[in-house]
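Asker: Once you've had a glance at the structure underneath, I'll fire off some questions.
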Amino acid sequence: MSARVQTWMWMAQRASAALLAVTITVHLITLIYAVRGGLSAAEIIARLQGNVAWLCFYVIFIGAAAVHAPIGVRTILLESTPLSPRVADALCGVLLITILVAGLRAVFGLYGFSG
Amino acid sequence: MKSLTQPSNQHSGYWAFVVHRVSGLLLALFLPAHFWALSLAIRGEAALDGFLRWTENPLVKLAETLLVLLLAAHLSGGLRLLIIEFLPWSERQKALLAAAGGVAFGAGLLFLFNVA
Amino acid sequence: MDRETTLRVSVWRGTDTGRFVDYEVPRRESQTVLDVITYIQRRLDASLAYRFACRVGMCGSCAMTVNGVPRWTCRTHVAKVERNDTLQIGPLRNLSVIKDLAVDMGEFFDKMQRAGATFEPADKGRADFAVVGPESPPRRLVDAAIECIGCGVCYSACEVVAWNRDYLGPAALNRAWSLVNDVRAGGNPARLRAVAGDAGCHSCHSHQSCRQWCPKNLNPTASISGLKRAVTRAAIKGTL
């Protein structure tokens, strides 16, 4: 991996961090608001079902997380474990795909929920 | 493995890094579990409700509070880093760190009050 | 009043492998750690290897690890660092040990070269002096970083240097930053490429251990942040 590619990875991590700062804040506030009086499945579904705005929000959120977390974990693997850069890169690719697939599946599942 | 503490890193800048790294790692591990819980919704509302009832357990509530604290800590630490890296250097470093810690703690408390 | 008059000093003997050996050194007023080492070598054990030169805090040759912290031993008063009249003195961390307290600074200076931290004039055929106003913004940035004497204390304190063998380190990157802002210096697009990536500025996590222990109160973290911004701009412009 060239220094140029590593630079773009670092930039992607910082950019996704800025994006996550916004989305996490919205998510946390929503969470704190929703937890009042107990959290139920009905409430979660009612908020997301058929709602395009929330769908877009969460797709962006998950995309940013899928970029941010693996790059961060890669640094930890390279600095704290004896794993080679190749293995670290591969593991992080797996994490990226996991977050993307699991996250989008969950969000689209809630969006298109039909009982 | 990295040596977490030695005499030369007993200062706030390093501790801020450790909090940021540990919280980030724990959050990265939590994400799949979080998505799994939500995917239960796909299997029907009853399955998710069953899970949400489980989350009323006080031990689980404690874990959730911990997670919100982790989130707030990682977010605040991250904002501090973005400021260090992208805004020209200033001496407000320690004040920023303190503010970051305060925000993190505050968010956690808020969650605790709503959850308890 | 009842002052302990003897210091128990543990000194690293050997190379990268070895052990700490204890010596007893009489305490003196205003004694520095370098005074202690000198006493041991002259009076107790002539086989002890160590470096010093100016002994007045100008050259940086006497840098060692004192009670786990990298310091200039000539400028470290025993009274400030002793614990229960004991001291532990070892070679600088993150560099291989030649003998006892003397380390191989080769890797440190190699990284300076790799970071493009050497000056070459942009305008080689120049007959006149370059005029760089002291209040000009680039000059002010250079001034903040230029006083480094390459002593290795920051390199020794940096945790990332310990975790990442390729990491260029705070001193090399700090010097490169001063050259990025030196309007007389040539080689600048290439210099940004040299300091980018996992081996360069992007591996700094802003611990600021370098800043914490720099005997000249420099702030390599700030310089490295500047490099991050400069590299980002170059990457976006496509000149990286």
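Asker: Which order do the peptides B:15-22, B:59-66 come out in when sorted by mean C-beta neighbours inside 10 angstrom, highest first?
Answerer: My ranking of the peptides, most packed first, is B:15-22, B:59-66.
Asker: Between the helical axis of C:220-237 and the dominant principal axis of chain C, each derived from Cα atoms, what acute angle in degrees is found, rounded to the nearest 10?
Answerer: Computed tilt is about 20 degrees.
Asker: Could I ask something else about it? Relative contact order for the range A:3-111: what percent, with Cα pairs under 8 Å and sequence separation of 6 or more?
Answerer: This gives 35 percent for the range A:3-111.
Asker: For chain C, what does the relative contact order come out to in percent, with C-alpha contacts under 8 Å and a separation of six or more?
Answerer: Relative contact order comes out at 17 percent.
Asker: Using label points projected 7 Å from each Cα along Cα→Cβ, tell me how many nm separate residue A:53 and residue C:132, to one decimal.
Answerer: With each label point 7 Å from Cα toward Cβ, the separation is 5.5 nm.
Asker: Within the range B:4-32, list the residues whose amide N lies under 17 Å from a label point set 7 Å along Cα→Cβ of residue A:81.
Answerer: Within reach of a label on residue A:81, which here means backbone N under 17 Å from a point 7 Å along Cα→Cβ, the range B:4-32 contributes B:21-32.
Asker: Given springs between every Cα pair under 10 Å in a Gaussian network model of chain C, which of C:46, C:190, C:230 has the largest fluctuation?
Answerer: C:46
Asker: Work out the mean other chain Cβ neighbour count within 10 Å for the residues of A:4-16 and drop it here as an integer.
Answerer: 5
Asker: Also, quick follow-up: Strictly over 32 Å apart at the Cα level, which of C:216/C:237; C:111/C:216; C:99/C:124 would you flag in this model?
Answerer: Over 32 Å Cα-Cα: C:216/C:237; C:99/C:124.
Asker: Please find the FRET efficiency linking residue B:34 to residue C:239, where r is the Cβ-Cβ separation and R0 is fixed at 30 Å, and quote it to the nearest 0.05.
Answerer: With R0 = 30 Å, the Cβ-Cβ based efficiency is 0.15.
Asker: Shielding by partners for C:200-206, please: the mean number of other protein chain Cβ atoms within 10 Å of each residue's Cβ.
Answerer: Taking the mean over all residues of the peptide, I get 6.
Asker: Sorted by packing (mean other beta-carbon atoms within 10 Å per residue), highest first, where do B:25-36, C:150-161, A:4-15 land?
Answerer: Going by the mean number of other Cβ atoms within 10 Å, highest first, we get C:150-161, A:4-15, B:25-36.
Asker: Identify which of A:97, A:29, A:62 has the largest mean-square fluctuation in a Gaussian network model of chain A, with springs joining Cα atoms closer than 10 Å.
Answerer: Looking only at A:97, A:29, A:62, the largest GNM fluctuation is found for A:29.
Asker: For chain A, which DSSP H helices look membrane-span-like by this rule: Cα extent along the axis of 15 Å or more and mean Kyte-Doolittle of at least 1.0?
Answerer: Membrane-span-like by this criterion, though nothing is claimed about a membrane: A:3-35, A:52-80, A:85-111.
Asker: Let me ask something else. Average partner chain C-beta neighbours within 10 Å, per residue of C:151-158?
Answerer: Partner Cβ neighbours, averaged per residue: 1.
Each reported figure results from applying straightforward, stated rules to the coordinates on display, with no laboratory input. Values in this document were obtained by computation on a predicted structure and should not be read as measured data. Because the Cβ atoms are built from the backbone with ideal geometry, glycine has one as well, and the counts that use them run over all protein chains shown.
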